[in-house]
Amino acid sequence: MTAAAPTCPECSSEYTYEMGALLVCSMCAHEWSPTATAADDEPADRVIRDSVGNVLTDGDTVTVVKDLKVKGSSTSIKVGTKVRNIRLVDGVGDHDIDCKVDGFGPMQLKSSVVKKA
Ligand SMILES: [Zn+2]
């Protein structure tokens, strides 16, 4: 496979040529954008949403929407607990928020249990 001659996604013909930003197949006249095709293979920027669908970003303040048991602690994080200055991470399991919870210290949370404040 050579990168120099992209094949037609419709008929797999190698007789393709560039026309501006598009690639055109001279066999079936199919036109397509090579950049759009390449982008399909790339995972989009990971978007992390809270429990109601708001997009979360680094530095956001969120509110915990359900009681959370904390490993190694007899108390749990209560509903409504505010968590400031979150950091989005690719954490363990579904944990995608790195933060520090008052009274509990640094930990990772799941975006599904918080709501943007
Ligand atoms: Zn074609």
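The values are calculated or read from the model by the stated rules, or taken from the named source; none is laboratory data. Values in this document were obtained by computation on a predicted structure and should not be read as measured data. So basically every Cβ, Gly included, is an ideal-geometry build from the backbone, and we count neighbours across all protein chains shown. Please note that ligands, DNA and RNA were not included when accessible areas were found on the heavy atoms of the full protein model with its side chains. Shrake-Rupley method; radii C 1.70, N 1.55, O 1.52, S 1.80 Å.
Take T7 and decide whether it is of a type in the set (S, T, N, Q), at pLDDT below 95 and exposed (fewer than 14 other Cβ atoms within 10 Å of the Cβ).
Values: of a type in the set (S, T, N, Q): yes; at pLDDT below 95: yes; exposed (fewer than 14 other Cβ atoms within 10 Å of the Cβ): no.
Taking the combined requirement at face value, the residue does not satisfy it.
Within region 93-103, the set of residues being under 15 Å from G59 (Cβ atoms) and open to solvent by 30 Å² or more (accessible area, probe 1.4 Å) comprises D98, K100.
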